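Data block below; observations after.
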Amino acid sequence: MKDAPARLYAGFDGGGTRTTCVLCDSEGDVLGAGFGGRGNYHDIGVPSALASLKRAFAGALDRSGVATGRVRLEACFGLAGLDSPKDMATMSGAVRSMRLARRGAGEGRKDIVENDWRTAVAGAFIDEPGVTLIAGTGCVAAAQREAGRRVARVGGWGHLVDDRGSGYDIGRDALYAAMRESLREAVERSAGLAAADLKAEKKSGLRVHARTGQPCPVCGDTVREVSFADSSLQYCPTCQTGGKPLADRRLSRLLK
């Protein structure tokens, strides 16, 4: 007589940077966790978002030690970017079309698909009142009361609208700071120069442009060049490509 399939419960968090899946048994004990890529379908498309979910589930299942064909699964998906009825319909249909585990007829239709901030506040407080402040790739504040029947949110509408304090916002501020500093240095260097001398001054402030074969002023590695059919670019392997030399595009075309 065959053993009954293991009943597992999967919780997914599909964020803007990473997707996580945690598998639990009926007692709530964690059996395994897995990770995938980005989970916001607005950024990467539905197929890539589903691929991230599948990868995270496969990793969690592998770590659980449960055989793939011996699983009965119930799942909850908290996904970034589900902010409208259209979003919900798009990803609900896509998620429920996945075959994460062997299921009987009708199984999987009751899987929960929600915005990730809703699953976060529900998971943190269950039926109790509470407030969460989520600062990841995006940023959102969410609160619930009356056993979760009344839920409110502030923010979380994407980097084009708000998301102050998010990872995206911090990265953007860092880029702005670097740009302001570069512009300040350029203005200081060009003060008093004639218009005919400005181009040469601009090049003097560039760290890799037109510096093939010279040492990088940051790390000392040799600046290299990639040639295209009618142009070229220079780069520092250590600072810009993780030490990996880039292929010469003219030679690559001849080898195809």
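Read the figures in this text as sums done on the coordinates, not as results from a lab. Since the structure is predicted, the reported quantities are computational estimates derived from the model, not experimental observations.
Each residue of the range 172-179 is assigned a 3J(HN,Hα), and the resulting list reads 5, 5, 5, 5, 4, 4, 5, 5 Hz, derived from the Karplus form 6.51 cos²θ - 1.76 cosθ + 1.60 (θ = phi - 60°), x at Gly and Pro.
Does the range 158-220 come out rounded, prolate or oblate, given a ≥ b ≥ c as the square roots of the eigenvalues of its C-alpha gyration tensor, rounded meaning a/c under 1.5 and, failing that, prolate meaning a/b above b/c? The shape class here is oblate.
Proximity of backbone amide H atoms, modeled 1.01 Å from N, is registered between THR137 and GLY16, THR17, GLY167 at under 5 Å, excluding neighbours fewer than 5 places apart on the same chain. To the nearest 10 degrees, how steep is helix 85-96 against the longest Cα principal axis of the chain, on a 0 to 90 scale? Once rounded, one gets 70 degrees.
Taking the chain as the region of interest, the number of lysine pairs whose Cα atoms are within less than 23 Å, with members eight or more places apart or on different chains, is 4. Under a Gaussian network description of the chain, with springs only between Cα atoms under 10 Å, the residue in ARG150, ARG207, ARG172 that fluctuates furthest is ARG207. Name the most mobile residue of LEU133, LEU53, LEU198, meaning the one with the largest mean-square fluctuation, in a Gaussian network model of the chain with Cα contacts below 10 Å. Highest fluctuation among the options: LEU198. For the chain, adding -39500 (n - 2.57) for each run of n ≥ 4 DSSP H residues and dividing by the number of residues yields -10500 deg cm²/dmol at 222 nm. Note on the chain: GNM, Cα springs under 10 Å; of THR241, THR20, THR119, the largest mean-square fluctuation is that of THR241.
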